[in-house]
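Visitor: Next up is a structure, given as structure tokens.
The values are calculated or read from the model by the stated rules, or taken from the named source; none is laboratory data. Owing to the predicted nature of the structure, the values given are computational and were not obtained by experimental measurement. Because the Cβ atoms are built from the backbone with ideal geometry, glycine has one as well, and the counts that use them run over all protein chains shown.
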């Protein structure tokens, strides 16, 4: 009897609108509603009549069409209190029509309505009430979020059922969850987890960011089209990418970088050499013409790490770089490594193309030039070596800053975690009482994992419990290894697990089990953000951070970054030290190098292709360099003169030595000319090779440079003699040289100079 009435109600939406028939079905349906008393039932019927009056004035032949017009014109006025009847019961008419499935509402209408209360009045055997009960039972088992989020999850599930016209939760699809507004993101995540537990989705829960922002891996034609490769060169680029992916590497990031570099080149050929119609017509002179263009293009491109650093360091970083470009001290004029990487991709492209063209029946024969138009010698003389030196100098400066600040950052993370452990467990807005403890733990665990393993960020995110290998030595002793999946060079490796790394891994496993209240680390889905494809389900280690899913590289990166900001880490110049995950890898390499670990061992631990790459990461600390140098000198001296050969200098000997090494302070710089020597240049020191500008005088040099450049512009405007113009230009050259020498000073050398003064 009940279901017959509700079946009649569901059939009304597509039928021709009839007021009397509508009210008759409403009266029949409401008799089955669970109401506390007859008064509220009568009020419900009265409000339904008021709603029918409004529908009579709406346009449309069917009930659903009139309802759509009602939502657009009448409902907004009722929400604002205009022409509304029924007092506090004014929503009950819509409640009856929607909960009885007479019409299909819009999601915007349901955004402010308490659909949970509506469903509570339905009969227990109604499909909507049954789904409501299932959602309540599923969300009650969720402990990682707040009660409010669980309530939102139930409401959001009901909204989807009503808007889509579903009778069962099992009809819900992934796209349905995207309908929900950003205001319900927490509730949607909890709903996703509840639906996974009910078996609606054959996967593990997703975060909101993964649900809305996950991009699929593009094919070679899509990459070429997206990069903007001209039409006449698309075929060869597509063929090359497909062949490279099959033969060499299918790393998606590599493919994207290659297609971007090739797109820059082919657009240049189209615009500057329109007579070139085919790839086989490319000559060395075309590439030589392209090099200045790509250098200028690279100057206008800001790479990702620079932008991320600016975001956290602050606006002054952007202003400082803007000032540099205006003054002309070289920041805007320098050759960037980006241009060199694009040219290397171009060189590899033509090298592979010409090599593959020699194979029998090769499709590349018609695309390959007669000779390879670009070689290593093509790049000589454009400043790329200096660009690489600047990068190495920046890495060295960063490593020295990390040597000083990393102990403070690690101690801060550990102290904050211990404080959270000792604090009373009080329920927070995020739900569970130990949420602050978990947050501080993951800050410590992620930092220690990266520092003590030297893993790349993608390698750390892919660790599973299956990668912890137990082995036995011939003498019976047990040792553990950590298996690292192939990443950059498609080569797997294993590293030994020491005491520190072993503790971190054990704590991570314990906390993941605690999050899920499980005896083991559960199997979880994982999306590879770099490769844009899913990884096989596995018991991943880094999961359960505020959500029952794996943590992506963005989460790891943001936590590492924020812990350094909270610890107030600083660079040698006083600016904030924003820690990146790859900095932990540099610390790992440098610590091992300074503790006398052989370079080839560090190479194996880091998974580098050559020892030369290790030396880019690993840097000798100045204190270690001095100490090892002293040991070596003492050993060599003792080999000639015996153990008693070394003696301390006398006071007179030391005074004479100190006098000969005295550095004279010239205000903005130091003079390294030996004491007593005649200065042939008088006080004109900036152009002297013996002058060593101080790093602290960099702002003074910048102001001098700006002032002199303004004077030069004014002098040219007043048509000063050529000799005076040349003298002014020489002064600017000297100031620029002094500024460059001051900026190139390493922090330890600059500090030593300042202390000597």
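Visitor: Residue under question is residue 136, and the condition is that it be farther than 19 Å from residue 4 by Cα, in contact (Cβ under 8 Å) with a residue 12 or more places away in the chain and surrounded by 13 or more Cβ atoms within 10 Å (Cβ to Cβ); does it hold?
Guide: Criteria met by residue 136.
Visitor: So, of the residues in region 489-517 that are modelled with pLDDT under 90 and in a loop (DSSP other than H, G, I, E, B), which turns out to be farthest from residue 451 (Cα to Cα)?
Guide: Filtering first and then ranking leaves 517.
Visitor: Considering only region 674-703, state which residues are modelled with pLDDT of 80 or more and outside any helix (DSSP H, G or I).
Guide: Just the residues of region 674-703 that are modelled with pLDDT of 80 or more, to begin with: 693-703.
Residues satisfying the conditions are 693, 694.
Visitor: Of the conditions (1) over 27 Å from residue 353 (Cα atoms); (2) modelled with pLDDT of 50 or more; (3) part of a helix (DSSP H, G or I), residue 307 fails just one. Which one is it?
Guide: Single failed check for residue 307: (2).
Visitor: For region 268-289, enumerate the residues that are surrounded by fewer than 18 Cβ atoms within 10 Å (Cβ to Cβ) and assigned to a loop (DSSP other than H, G, I, E, B).
Guide: Correct list: 273, 274, 275, 276, 277, 278, 283.
Visitor: Kindly provide the set of residues from region 8-26 that are outside any loop (DSSP other than H, G, I, E, B), loosely packed, with under 15 Cβ neighbours inside 10 Å and modelled with pLDDT of 85 or more, ordered by number.
Guide: 16, 19, 20, 21, 24
Visitor: May I pose another question? Is it the case that region 331-338 has a residue that's assigned to a helix (DSSP H, G or I), within 18 Å of residue 265 (Cβ to Cβ) and modelled with pLDDT under 90? Working first, answer last.
Guide: Keep residues of region 331-338 that are assigned to a helix (DSSP H, G or I), which gives 337-338.
After this cut, where a residue has to be within 18 Å of residue 265 (Cβ to Cβ) as well, the list is 337-338.
Adding the requirement that they be modelled with pLDDT under 90 leaves 337-338.
Within region 331-338, one or more residues are assigned to a helix (DSSP H, G or I), within 18 Å of residue 265 (Cβ to Cβ) and modelled with pLDDT under 90.
Visitor: Quick check: anything in region 526-537 outside any strand (DSSP E or B) and either free of Cβ contacts under 8 Å to residues at least 12 places away in the same chain or not assigned by TED's automatic domain parsing to the domain that holds residue 463 (or both)? Steps first, please.
Guide: Narrowing region 526-537 to residues outside any strand (DSSP E or B): 529-532.
Still in the running and either free of Cβ contacts under 8 Å to residues at least 12 places away in the same chain or not assigned by TED's automatic domain parsing to the domain that holds residue 463 (or both): none.
No, there is no match, as no residue in region 526-537 is outside any strand (DSSP E or B) and either free of Cβ contacts under 8 Å to residues at least 12 places away in the same chain or not assigned by TED's automatic domain parsing to the domain that holds residue 463 (or both).
Visitor: On the basis of being surrounded by 14 or more Cβ atoms within 10 Å (Cβ to Cβ) and over 27 Å from the mean Cα position of the chain (by Cα), does residue 224 make the cut?
Guide: On the way: surrounded by 14 or more Cβ atoms within 10 Å (Cβ to Cβ): yes; over 27 Å from the mean Cα position of the chain (by Cα): no.
No.
Visitor: Same structure, new question: If I ask for residues that are over 23 Å from the mean Cα position of the chain (by Cα) and either at pLDDT below 85 or under 16 Å from residue 578 (Cα atoms) (or both), which ones from region 398-411 would you list?
Guide: Start the filter on region 398-411 by keeping residues that are over 23 Å from the mean Cα position of the chain (by Cα), which leaves 400, 403-404, 407-408, 411.
400, 403, 404, 407, 408 - these are the residues of region 398-411 that are over 23 Å from the mean Cα position of the chain (by Cα) and either at pLDDT below 85 or under 16 Å from residue 578 (Cα atoms) (or both).
Visitor: Sticking with this structure for a sec: Kindly indicate whether residue 188 is on the phi < 0 side of the Ramachandran plot, in contact with a helix residue (DSSP H, G or I) (Cβ under 7 Å, 6 or more places away or on another chain) and surrounded by 15 or more Cβ atoms within 10 Å (Cβ to Cβ).
Guide: On the way: on the phi < 0 side of the Ramachandran plot: yes; in contact with a helix residue (DSSP H, G or I) (Cβ under 7 Å, 6 or more places away or on another chain): yes; surrounded by 15 or more Cβ atoms within 10 Å (Cβ to Cβ): yes.
Considered against the rule, which asks whether it is on the phi < 0 side of the Ramachandran plot, in contact with a helix residue (DSSP H, G or I) (Cβ under 7 Å, 6 or more places away or on another chain) and surrounded by 15 or more Cβ atoms within 10 Å (Cβ to Cβ), residue 188 comes out as yes.
Visitor: Just one of (1) farther than 26 Å from residue 157 by Cβ; (2) at pLDDT 90 or above; (3) surrounded by 15 or more Cβ atoms within 10 Å (Cβ to Cβ) trips up residue 84, so point out which.
Guide: Tallying (1) farther than 26 Å from residue 157 by Cβ; (2) at pLDDT 90 or above; (3) surrounded by 15 or more Cβ atoms within 10 Å (Cβ to Cβ), residue 84 fails exactly one: (2).
Yes/no matrix, rows are residues, columns are (1) assigned to a loop (DSSP other than H, G, I, E, B); (2) surrounded by fewer than 18 Cβ atoms within 10 Å (Cβ to Cβ); (3) in contact (Cβ under 8 Å) with a residue 24 or more places away in the chain:
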position	(1), (2), (3)
546	yes, no, yes
555	no, no, no
562	no, yes, yes
588	no, no, yes
619	yes, no, yes
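Visitor: Going by the structure shown, is residue 126 modelled with pLDDT of 85 or more, crowded, with 21+ Cβ neighbours inside 10 Å and out of contact with any helix residue (DSSP H, G or I) (no Cβ under 6 Å at 6 or more places or on another chain)? Walk me through it before giving the result.
Guide: Values: modelled with pLDDT of 85 or more: yes; crowded, with 21+ Cβ neighbours inside 10 Å: yes; out of contact with any helix residue (DSSP H, G or I) (no Cβ under 6 Å at 6 or more places or on another chain): yes.
Yes, satisfied.
Visitor: Then there's this: Taking helices (runs of 4 or more DSSP H) that fall entirely within region 379-488, which contain at least 2 residues that are surrounded by fewer than 19 Cβ atoms within 10 Å (Cβ to Cβ), touching a helix residue (DSSP H, G or I) at 6+ places or on another chain (Cβ under 9 Å) and not assigned by TED's automatic domain parsing to the domain that holds residue 499? Don't jump to the end; show me each part of the working.
Guide: Values: elements: 384-422, 435-453, 457-461.
Here the list reads 384-422.
Visitor: Related question: Being out of contact with any helix residue (DSSP H, G or I) (no Cβ under 9 Å at 6 or more places or on another chain), in the same structural domain as residue 436 (by TED's automatic domain parsing) and crowded, with 17+ Cβ neighbours inside 10 Å: is that true of residue 499 here?
Guide: No; evaluated as a whole, the condition is false for this residue.
Visitor: Just to be sure before I move on: is residue 152 assigned to a helix (DSSP H, G or I) and in contact (Cβ under 8 Å) with a residue 40 or more places away in the chain in the structure I sent?
Guide: Details: assigned to a helix (DSSP H, G or I): yes; in contact (Cβ under 8 Å) with a residue 40 or more places away in the chain: no.
So residue 152 fails the test.
Visitor: Something else about it: What helices (runs of 4 or more DSSP H), lying completely within region 172-220, carry at least 1 residues that are more than 30 Å from residue 235 (Cβ to Cβ) and at pLDDT below 80? First the steps, then the outcome.
Guide: Values: elements: 174-177, 185-197, 208-213.
Where helices (runs of 4 or more DSSP H) fall fully within region 172-220 and carry at least 1 residues being more than 30 Å from residue 235 (Cβ to Cβ) and at pLDDT below 80, they are 185-197, 208-213.
Visitor: In the set 21, 72, which member is assigned by TED's automatic domain parsing to the domain that holds residue 117, closer than 18 Å to residue 110 by Cα and out of contact with any strand residue (DSSP E or B) (no Cβ under 7 Å at 6 or more places or on another chain)?
Guide: Numbers: 21 fails: closer than 18 Å to residue 110 by Cα.
Within the list 21, 72, the selection yields 72.
Visitor: Only residues in region 423-447 that are closer than 19 Å to residue 457 by Cβ count as the first member; pair them with residues that are modelled with pLDDT under 90, Cβ under 7 angstrom, at least 6 apart or cross-chain, and list the lot.
Guide: Qualifying pairs under 7 Å: 442/545.
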